[in-house]
Amino acid sequence: MRLARGSGAGCAGLGCVGLPGRGTATSSLRAGLSSRGTRPALDPGQRACDDGGVSRESLILRTFELAERAAAAGDVPVGALVVRDGRIVAEGWNTREAAADPTGHAEINALRGAGLALGGWNLEGADLYVSLEPCTMCAGAIVAARIRRLVFGAWDPKAGAAGSLRDVVRDSRLNHQVEVVGGVLEDRAAAQLRAFFGR
């Protein structure tokens, strides 16, 4: 299955790429690997084809590739991408060190790119895929952007705000709740982080 990807204009230098439907670039994503989640909100092993027939695992694998861009620049390896209507509309990776920006998280960069690509802040109907469970700042941005579904790799018991330490994205007191699928390819996601911190 091929998933169309944006041309990369609009937010280069922000740790993100995107602009759907304005380029003809496509990318064939690798087939997903089997997964095992220890604390799933939904079944992460389910080979769901929610996004244009591409499996969750394949999209999470792409976040690992994006995370390597962050690691190459000395940032914690976290990658994220936004999918809507079967298209990757934006990709992001951590840029806190590279851009000297405390808000330079992969999720924020991907959401900014998606907003630019789609021409607005409201990303209703879009899904966010990220290699690590989002922190509180990113969880707040996910809710504010009206993301439909959050899919991530590793749980983060120290800072996670999608079910580990707190659950911002599903807080019924807020004006929007997000569907959560956690622990997709969790072992591989955790190994990528361990390798970075073990340097």
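Working note: Debye formula, equal point scatterers on the alpha-carbon atoms of region 140-199, no solvent; log10 I(q)/I(0) at q = 0.15, 0.17, 0.19, 0.31 Å⁻¹ is -0.49, -0.60, -0.71, -1.25.
With all protein chains in place and a 1.4 Å probe, the accessible surface of region 89-176 carries 53 percent carbon and sulfur. Separation of region 136-183 from region 55-129 is 15 Å, based on Cα centroids.
In order along region 131-146, phi translates into HN-Hα couplings of 6, 9, 3, x, 7, 4, 4, 5, 4, x, 5, 4, 5, 4, 7, 6 Hz, rounded to whole numbers, per the Karplus curve 6.51 cos²θ - 1.76 cosθ + 1.60 with θ = phi - 60° and x for Gly and Pro. Amide H contacts of residue 180: 150, each under 5 Å away and 5 or more positions distant or on a separate chain (H built 1.01 Å from N in the peptide plane; Pro and chain starts excluded). Restricting the calculation to Cα atoms, region 104-166 yields a radius of gyration followed by a Dmax of 11.2, 35 Å.
Return the loop-located GluC sites (Glu not before Pro) in region 81-132 (DSSP other than H, G, I, E, B) with at most 14 other Cβ atoms within 10 Å of their own Cβ; answer none if there are none. Don't skip to the end; give the middle numbers.
Details: sites: 91, 97, 107, 124; in loops: 124.
The qualifying sites are 124.
Each other residue within a Cβ distance under 10 Å of residue 75 adds +1 if Lys or Arg and -1 if Asp or Glu, for a net charge of +1.
Qualifying chymotrypsin sites (Phe, Trp or Tyr not before Pro) in region 84-154, where qualification requires a DSSP coil assignment and no more than 15 other C-beta atoms within 10 Å, comprise 121. At full extension, residue 165 and residue 72 could sit 30.6 nm farther apart than now, given 0.36 nm per residue minus the alpha carbon distance. Multiplying the residue separation of residue 195 and residue 175 by 0.36 nm and subtracting their alpha-carbon distance yields 3.4 nm.
The values are calculated or read from the model by the stated rules, or taken from the named source; none is laboratory data. From a predicted model like this one, the values you see are computed outputs, not experimental measurements. Reconstructed Cβ throughout: ideal geometry from the backbone, glycine too, with neighbour counts over all protein chains shown. With ligands, DNA and RNA removed, areas are computed over all heavy atoms of the protein, side chains included. Shrake-Rupley method; radii C 1.70, N 1.55, O 1.52, S 1.80 Å.
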